[in-house]
Every structure is written in structure tokens, then in C-alpha cells.
Amino acid sequence: MCGIVGYIGSKEAYPIIINGLKRLEYRGYDSTGVVLYKEGDLALCKTKGKVADLEAISSKLAESKSTIGIGHTRWATHGEPNDVNSHPHLSNSGELAIIHNGIIENYDAIKTQLVNNGFVFHSDTDTEVLINLIEYVKQQEGVKLGKAVQIALKQVIGAYAIAVFDVKKPNEIVVAKLGSPLAIGIGEDEYFIASDATPFIEFTNNALYLEDGEMAIIRQGRELRVRNINDDIKIENPNISTLNISLDQIEKSGYDHFMLKEIHEQPDVVRDTLRGRLLVNEGVIKMSSIDDHLNKFIGAKRILIIACGTSWHAGLVGEYLIEDLARIPVEVEYASEFRYRNPIITKDDIVIPISQSGETADTLAAIKLAKEMGAFVYGICNVVGSSIARETHSGAYTHAGPEIGVASTKAFTTQLTVLALLAAKIAVSKGSISTTEFHQFINQLDAIPNKIAQVMESESKAKEIAKEYADATNFLYLGRGYNFPVALEGALKLKEISYIHAEGYPAAEMKHGPIALIDENMPVVVIAPKRGHYEKIVSNVMEIKARKGKIIAIVSKGDTEIVNLADHYIEIPDSAEPLTPMITTIPLQFLSYYIAVIRGCNVDQPRNLAKSVTVE
Ligand code: M6R
């Protein structure tokens, strides 16, 4: 994981790097550092902790007028988070500096070779090994930095996005990418380097996303030179994208946390996801990414959804939607299991990876495997231009905008929106639902953004409930049918930001084990909209009540049965059952948010987590 930032130009580098690192803290935040070029020397400052901690100890660097530098915010893989293991790392001579996002898998063998050649190591990191390998190559081969980086990377197994600086070539930064993202912002006479475009959007909207296996030599005042690392071919006219992100989108806009802002953005972003695709007046769903491959979808023997975390939960809802409407068998797999279990895939299968970041290493590897085995891969992804978006044959963006809070909220509801569009579109195209059913469904879907807006009113109630249960040590979340994945998602949200143990279960499974946990200290969140298996879930609620469990119920407006049994309830607007997860999930997001706030947890940057999991 980790975030990298670099700058070369005529502006002061330090504030650009520090602000950029703050925007990339979602990628990791256990340690951080910056190195600037200053009058023939390198000025380095790094520390365990967050970018704010770095700022507090780097006032000298802040005063420097340096116009070249690189910085890093870390999510530890090799070596615990401490000052020494923080990036940037310097080579033994002190002349080369590196920042790195990724893992060098064969670092141990390379380290042994370097130690045998007299190199010494101060940290436990694979990155310090890489910078010394580059130095070794440079010395042995008598080549310049760019060539040394290229030769060294050919010996490396693993993943990397790196930026390397040589004090002897102060007008140049060398970058390279394999498996981890790297964007180069192109300004006038200046370049920005970053893990994504957010650190430089106020300076330029021209960005080059390096492809895997590419490197670039970035020189101030000179044209960018991009090469293929392995075959040394120069990439002519690299593809420069025009960015469409505003500064406001990546700031908190008055909210206390990004998570809260992102919860509140859901009515708008779900509307954005539907925009131009759901044309209710014309009675159609228009998605060229499906139209272009319609026969594949109609003829699919099976659909495999692969994802991790919250995206996997969205995939489970997708399974219900696609099987229910389009009558195609669906399997949902954790990408990490799929890629290592010798799966059976045929060319008649469609594989749908789902990912907010588009950079999740396991999902990316699973896509590559599915492609090798002949499947058609249709991605559902949020980050435009991300690795997953580029690796898939076709796909749909979720248009949620930048999601900065580590806990996914709007990414989930927009993923559900795309899955609903996809399922309905395939279903009506293959005739597994009638035109009338299709029209009813799309009318319901069209109403979802407004219904999500109405559920925002549940915030104060969720806050009140949170006060009562913030000290709980365990939570149980129960749901049935379409709302079973919502129970899993509600539990994950609570765990990751409040550190309270929580389990999600299909409500009927409770009798097969978890019921043993229920006593007067166990809050049980029951997702029970008045659709689907309502009567069954009423029975489950009674079973909890009989054992004195505390019931927090999410019910449809006008419910009379469960509200009489529950200790607390939150009402949601009624909707067609397949679409209820997009509504029922909102009060659960608020509940976990307020519990985490009351417990004093770092909501946007929970311990041990990172937004983008680019290591397996
Ligand atoms: O970017 P992705 O959707 O591929 O990320 C998958 C998971 O890492 C992610 O959903 C994670 O579980 C979130 N922290 C959940 O809130």
C-alpha cells in the first residue's frame, strides 16, 4: 500500500509534498517522511506516525526553498512502523534516495548478495535493499541513474511504484511501476509524481498513468521520457488523460470526517451512477459496456463475482439480483481465495470483479488469472483509470467520486446501483423478466436516490442509539435474503472503525450457533424491511427477545410488529426488496460512525488499515 509523492519544478516542493501526502494518507499512515534536494545535498526527515507528526518535526525543511523532493506515507509490510523503517530510504553512499509502494519479494536474496559486496543495512525494509541494488548496479556498470534503475528492476520480483533521486543529477527523478499505481501530473515546466492524481489536482489536470512495466525519466523543463523496462522500447506519445476531479471533492466540506461526508453524499452519487444509464421516460437502461457484449451476457452459463471486503458484500447482493432477475447462476468469491485455488473457468463464464480503488492486489491478480483462462471480464470499479479498470475487457464505473474514508460507504451503494442496472438490463434482454416487470423495477430504482435522501434523517436516531451501545464489546447483525449481505456489511463497518467485535449472520442461521451468545449484554441489529421474509424475521426477533438480547431493528415505515418487540428501531422508506440494501445500509453506516466517534476512534484512518490494499 503506501502513498508516494514527488515534485520537480520551480515551486517550493515541501508544501506540495506534505499536502499531497495528507491526501494519500488513506493508503497508509503508520510512518512518513520526505527528502528534499538542497544545494548539493539531501535533507531528510522521517518519523513513525502521521503526516501531521512529520510536519511538527520538519520545520527546517519547511523553510528550505527546495524545488525538488519526494515523500512517502507508509503502511508497513516489511519491518514494523518506526523511524528507521520509514521512507525515503537512502543508499549506502547517501547519494540516492527512494520512495516505494509495493513489495520486493526476492529482497532477501538480493540483500545477501549486497551484504557479500560490502553493503550495510539499517532498516528491515525491502526498499532499502532496492535502493542499494540500484547503487550497486550504478557503480558496477558505470551507468546513469535511469539505466541503473532499469537494470536493477529486471532483477526484482514483486510489485512497485518507485521514485528515485540522485544527488548528482539534481534535475531528474526516475520513476517506475509494476503492480502499484503511479500517476505523473504534467504542469508547465513542472512535474508531479503521486500514487493517484489527488496530490496535484489544483496544479494541473493533465496526468499520465504509467502502465505496468514502464518507467519514466522526469527532467525539469524537458519532455517526459517513458520506456518499457524489460525490452527498453521508448513509448512514443504516451497517453495523457485529462482529469475531472475538483478540489472540493477531496476535502471535508465542513464535515468532521470524510466518512460522514461520504455517507451524506450517497443520494447524489447514486443519482450520478444512474445518470445517462437509467432512462425511465424511455423505459430503457443504456449501458454501452453491456450492449457491446450483450450476447456474451445473455449466453453466459455462469457469472463469477470476485472482490474483497465491502466490495465482496456488494457482490453477494449482486448474486441475489442476477440470479433473481436474470436467472444466471452466480458464484461470489473472495479474490484472495479464487486466485490460489485452481478454479474452473470456461470461456462461457463471465467474471465480474468489483473494486472501489481498482488497485486491490488480490482482485487484480484474480482478473489476470480469469483472463488467462479465457473468461470475459467485466469490471465494476470506482477509480477512473485505475489498474483494474484498465485490466478488464469492459466494465462500468460507479461514479462515486473520491472515497477517502477507509470505511467504504458510498462505494458500496454505488456498486449496488451498477449491479441493479446490470441485472435488470440482462434480465430484460434475455426475457427472464417481462417488460412490465422491467418497467416496475426501473421505476423503483429511479426512486432510490430520493429514498436514500430520506434515510439521512435517521442520523440523529442512530446517534442516540450509538450513545447507549458505545461500550458494548460484541454486536450481532442479522438479515435475510437481500439483507443478509447488509448484515455482513454492517458488522464490518462497526469492526473496522470502532474495534468492537461484530458478526453478521443470516438470521435463520442464528439457531445453529450464535444464539448461544445472546444475553442482556448483546446488542443485535436486525435488518427487517417489510419485504421478502418479514414474517420469518419476526420469529427471529422473538427468539432474541426471549433471551433478553437488545434489539436494534431497521424496519419499514409503518411497521407495527417489530417496533413493539425492539428496544430501538429506525424506519426506512419502503422499496422493492432487491433494492432495499441500498437503503437499509445507511442507518448502519451512521450507527458505526457515531459509535466510533463516541469511543474516540480515528474514524477515517482506523488502526492497521489502509484504503487501498495493494499487497496480497
Ligand atoms: O478498493 P476495493 O473495493 O477493492 O477494496 C476492498 C476492501 O479492501 C475494502 O472494501 C475494505 O474492506 C473496506 N475498508 C471496507 O470498508
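The values are calculated or read from the model by the stated rules, or taken from the named source; none is laboratory data. If you're wondering where the values come from, they're calculated on a predicted model, not measured in any experiment. All Cβ positions, even for glycine, are placed from backbone atoms using ideal geometry, and neighbour counts span all protein chains on display. Protein only, heavy atoms only, side chains kept; ligands, DNA and RNA dropped before computing areas. Shrake-Rupley method; radii C 1.70, N 1.55, O 1.52, S 1.80 Å.
Scan segment 519-526 and tell me whether some residue there is modelled with pLDDT under 95, crowded, with 17+ Cβ neighbours inside 10 Å, farther than 21 Å from THR310 by Cβ and touching a strand residue (DSSP E or B) at 6+ places or on another chain (Cβ under 8 Å).
Residues of segment 519-526 modelled with pLDDT under 95: 519-522.
Filter again for crowded, with 17+ Cβ neighbours inside 10 Å, leaving 522.
Subsequent filtering for residues that are farther than 21 Å from THR310 by Cβ retains 522.
Still in the running and touching a strand residue (DSSP E or B) at 6+ places or on another chain (Cβ under 8 Å): 522.
Yes, there is a match, as at least one residue in segment 519-526 is modelled with pLDDT under 95, crowded, with 17+ Cβ neighbours inside 10 Å, farther than 21 Å from THR310 by Cβ and touching a strand residue (DSSP E or B) at 6+ places or on another chain (Cβ under 8 Å).
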- Here is a list of conditions, (1) closer than 21 Å to ILE465 by Cα; (2) in contact with a strand residue (DSSP E or B) (Cβ under 7 Å, 6 or more places away or on another chain); (3) not small (Gly, Ala, Ser), and LYS530 meets all of them except one; can you say which number that is? (1)
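Working carefully through the options ILE193, ILE240, find the one that is touching a residue at least 40 places away in the same chain (Cβ under 8 Å), more than 18 Å from ILE104 (Cα to Cα) and crowded, with 21+ Cβ neighbours inside 10 Å. Break it down stepwise before answering.
Working: ILE240 fails: crowded, with 21+ Cβ neighbours inside 10 Å.
Step by step, each of ILE193, ILE240 is checked, and only ILE193 is touching a residue at least 40 places away in the same chain (Cβ under 8 Å), more than 18 Å from ILE104 (Cα to Cα) and crowded, with 21+ Cβ neighbours inside 10 Å.
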- Note on the structure: Considering residues that are over 16 Å from GLU331 (Cβ atoms) and more than 12 Å from the ligand (Cβ to nearest atom), the number found within segment 366-389 is 6
- Give the number of residues within segment 571-616 that are open to solvent by 10 Å² or more (accessible area, probe 1.4 Å), away from the ligand (no atom under 16 Å from the Cβ) and in contact (Cβ under 8 Å) with a residue 24 or more places away in the chain. 10
- Item | segment 324-341, subset in a helix (DSSP H, G or I) and more than 18 Å from THR417 (Cβ to Cβ), residue nearest to the ligand (Cβ to nearest atom) | ALA335
- Of the residues in segment 357-375, those that are open to solvent by 20 Å² or more (accessible area, probe 1.4 Å) and outside any helix (DSSP H, G or I) number 3
- (1) open to solvent by 50 Å² or more (accessible area, probe 1.4 Å); (2) within 16 Å of the ligand (Cβ to nearest atom) all hold for THR310 apart from (1)
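How about segment 1-29: which of its residues are within 23 Å of LEU178 (Cα to Cα) and either in a strand (DSSP E or B) or out of contact with any helix residue (DSSP H, G or I) (no Cβ under 7 Å at 6 or more places or on another chain) (or both)? Steps first, please.
We begin by selecting, within segment 1-29, every residue within 23 Å of LEU178 (Cα to Cα); these are 1-8, 17, 20-21, 23-29.
Hits for segment 1-29 are GLY3, ILE4, VAL5, GLY6, TYR7, ILE8, ILE17, TYR26, ARG27, GLY28, TYR29.
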- Residues satisfying the stated conditions in segment 533-543, i.e. buried (at least 16 other Cβ atoms within 10 Å of the Cβ), in contact (Cβ under 8 Å) with a residue 40 or more places away in the chain and not in a loop (DSSP other than H, G, I, E, B): ILE537, ASN540
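Does segment 347-357 include one or more residues that are more than 14 Å from the ligand (Cβ to nearest atom), under 27 Å from GLU251 (Cβ atoms) and of a type outside the set (Asp, Glu)?
From segment 347-357, those more than 14 Å from the ligand (Cβ to nearest atom) are 347-351; that's our starting set.
In the following step, the residues that additionally are under 27 Å from GLU251 (Cβ atoms) were identified as none.
Within segment 347-357, none of the residues are more than 14 Å from the ligand (Cβ to nearest atom), under 27 Å from GLU251 (Cβ atoms) and of a type outside the set (Asp, Glu).
Do the conditions hold for LEU304, that is, is it at pLDDT 95 or above and closer than 30 Å to LEU182 by Cβ?
Details: at pLDDT 95 or above: yes; closer than 30 Å to LEU182 by Cβ: yes.
Yes: the conditions hold for LEU304.
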- Which one is farthest from the ligand (Cβ to nearest atom) among residues in segment 407-439 that are crowded, with 24+ Cβ neighbours inside 10 Å and assigned to a loop (DSSP other than H, G, I, E, B)? THR409
- Query: How about segment 65-81: which of its residues are over 11 Å from CYS2 (Cα atoms) and under 25 Å from the mean Cα position of the chain (by Cα)?
  - Reply: ILE70, HIS78, GLY79, GLU80, PRO81
- Residue pairs qualifying under the 8 Å Cβ cut-off, at least six apart or on distinct chains, with the first in segment 351-364 being more than 14 Å from ASP196 (Cβ to Cβ) and assigned by TED's automatic domain parsing to the domain that holds GLY102 and the second being open to solvent by less than 10 Å² (accessible area, probe 1.4 Å) and near the ligand (Cβ under 7 Å from one of its atoms), are none
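Among the candidates GLY379, GLY395, single out the residue that is assigned by TED's automatic domain parsing to the domain that holds ILE328, more than 18 Å from ALA161 (Cβ to Cβ), assigned to a strand (DSSP E or B) and open to solvent by less than 10 Å² (accessible area, probe 1.4 Å). Let's see the steps before the verdict.
Details: GLY395 fails: open to solvent by less than 10 Å² (accessible area, probe 1.4 Å).
Testing whether each residue is assigned by TED's automatic domain parsing to the domain that holds ILE328, more than 18 Å from ALA161 (Cβ to Cβ), assigned to a strand (DSSP E or B) and open to solvent by less than 10 Å² (accessible area, probe 1.4 Å) leaves just GLY379.
Matching residues to (1) in a strand (DSSP E or B); (2) of a type in the set (A, V, I, L, M, F, W, C); (3) at negative phi; (4) surrounded by fewer than 23 Cβ atoms within 10 Å (Cβ to Cβ):
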position	(1), (2), (3), (4)
LYS511	no, no, yes, yes
ILE515	no, yes, yes, yes
LYS548	no, no, no, yes
GLY558	no, no, no, yes
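Please work out if ILE306 is within 27 Å of the chain's Cα centre (by Cα), in contact (Cβ under 8 Å) with a residue 40 or more places away in the chain and not in a helix (DSSP H, G or I).
On the way: within 27 Å of the chain's Cα centre (by Cα): yes; in contact (Cβ under 8 Å) with a residue 40 or more places away in the chain: yes; not in a helix (DSSP H, G or I): yes.
Yes, satisfied.
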- Message: Would you confirm whether or not segment 484-503 contains a residue that is open to solvent by 30 Å² or more (accessible area, probe 1.4 Å), of a type in the set (D, E, K, R) and more than 21 Å from SER311 (Cα to Cα)?
- Response: no
